[in-house]
Amino acid sequence: MAASPAVLSPSSALTPTPSRPEFNVVDAYEAALKHDSNLSAPLAAILALAAMISGSDIGTMAELLTALHSACTRLQQHRSAIGISAGCNLFTRFVAQYQDHARDFEHQKVEIVNQGRKFVDEAKSYRAKIARLALSFVQDDFVILTHSYSRVVMEALLLIHKHKRISVFVTEARPNSLGQKTCDASTAAGIPCTLVLDSAVAYVIDQVDVCMVGSEAVVESGGLVNAVGSYQMALVAKYANKPFYALAESYKFHRLFPLSQSDVATAASAGGSRHSLPSSESGHSSSPSVISPAVDYTKPKLISHVFSDVGILTPDGVSQYLVSMFLE
């Protein structure tokens, strides 16, 4: 008996082949931050971009660079933090310069992803390196003034506390009041800590031996972008002849050249806000506007040194480092 021919039913012919779901780079970014609370924005952005490449069916380098540009744009639209921009620029530059003609493109993609994840793993050690550099600039019984909350500054304070007697002043850092987080962490570690009003920096500066702040980014001029209030602290420190140190991982070095506060600290670009007080708070029927930027720009001439995993740099040294890095 002859075998019956195979029959393709209409329903099976019309059944679409399951397609790979579209990758959400924003979800990957948020998942990276949720998985590791100590992960900074640039590193989370790199992990998200690496995950995007890993899950893609991109077939050429040109397509990959286009997809990276699109993913970076979505990340920056999601959160306009300057750190995300720094991470995106760093990873995109690495991919654009990557060459391995001996392998097919699928193997190249795997290697790019592996290199991105390896960099993130190595970068997690940078804070410890910076903390060791800061240790040599602090003496027994120093009073350290810091601003807001910074993971790298906190790591430095904890290391210094193990070797020397210190006390800490930390500003409130309104409107987020992250100075309270620094104060709580310092107190829990046994470091004497005092919470200071943002408007009282000049009042306490005579009691301070050194100012030490973190960073959102260190820019090409050698200046610092950090939580709003950092510029004010640097101005007061300069007038009072107190050292002002910025602690920054090298992946936060960013090829920007801001000329004024409006270049980095507007509500649109820095995640800050501009709003009106409710009438009950202002006491007037027509409420005044309130400007609440997230970050400000500290000019390089106000910064004594930048402590980084690549060494102790002057602001001019940061400029030279960035120029040499982008010329490679």
Helix 179-188 versus the longest principal axis of the chain: what angle, 0 to 90°, nearest 10, using Cα atoms?
80
Which Cα, out of F94, V219, L65, lies furthest along the positive dipole direction of the chain (beta carbon charges, K/R +1, D/E -1)?
V219
Placing unit charges on C-beta atoms (Lys and Arg positive, Asp and Glu negative, everything else neutral), compute the dipole magnitude of the range 25-124 about its Cα centre in debye, rounded to 20.
320
Taking amide H atoms as placed 1.01 Å from N in the peptide plane, list the residues 5 or more away in sequence, or in a different chain, whose amide H sits under 5 Å from that of V210.
V143, L145
Could you derive backbone 3J(HN,Hα) for the range 201-216 from the dihedral phi with the Karplus parameters 6.51, -1.76 and 1.60 (θ = phi - 60°), listing whole Hz in sequence and x where the residue is Gly or Pro?
4, 5, 5, 9, 4, 5, 8, 9, 9, 7, 9, 9, 10, x, 7, 8
Could you tell me whether the range 25-124 comes out rounded, prolate or oblate from its Cα gyration tensor? Rule is a ≥ b ≥ c as square roots of the eigenvalues, rounded for a/c under 1.5, then prolate if a/b exceeds b/c, otherwise oblate.
prolate
Going by alpha carbons, how many degrees (0 to 90, nearest 10) lie between the helix axis of 315-327 and the longest principal axis of the chain?
10
Rule-of-thumb Rg ratio for the range 143-190 [Cα; 2.2 N^0.38 Å; N residues]:
1.06
Estimated [θ] at 222 nm from DSSP helical runs (n ≥ 4, -39500 (n - 2.57)) normalised by residues in the chain, nearest 500
-14000 deg cm²/dmol
Which value, in debye to the nearest 20, gives the size of the charge dipole of the chain about its Cα centre, when Lys and Arg are +1 and Asp and Glu are -1 at the Cβ?
320
What pairs from K129/K301; K162/K252; K162/K301; K118/K242 go past 30 Å between their alpha carbons?
K162/K301; K118/K242
How much of the accessible area of the chain, in percent, comes from carbon and sulfur atoms when a 1.4 Å probe is used?
54
List every residue whose amide H lies under 5 Å from the amide H of A217, counting only residues 5 or more places away in sequence or on a different chain, with H placed 1.01 Å from N in the peptide plane.
V225
Please list the three semi-axes, largest first and in whole Å, of the ellipsoid equivalent to the chain, using sqrt of 5 times the eigenvalues of its alpha carbon gyration tensor.
45, 25, 19
Compute the acute angle (0 to 90°) between the alpha-carbon long axis of helix 82-97 and the principal axis of greatest extent of the alpha-carbon atoms of the chain; round to the nearest 10°.
50
Would you please give the residues with an amide H less than 5 Å from that of F137, counting only those at least 5 places away or on a separate chain, with H modeled from the backbone geometry?
none
What dipole magnitude, in Debye to the nearest 20, does the range 130-231 give about its Cα centre under +1 on Lys/Arg Cβ and -1 on Asp/Glu Cβ?
300
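The values are calculated or read from the model by the stated rules, or taken from the named source; none is laboratory data. This one's a predicted model, so the numbers in the text were calculated from it and none came from an experiment. As a convention, Cβ positions derive from the backbone with ideal geometry for all residues, glycine included, and neighbour counts pool all protein chains shown. These area figures cover heavy atoms from the full protein model, side chains too; ligands, DNA and RNA do not enter into them. Shrake-Rupley method; radii C 1.70, N 1.55, O 1.52, S 1.80 Å.
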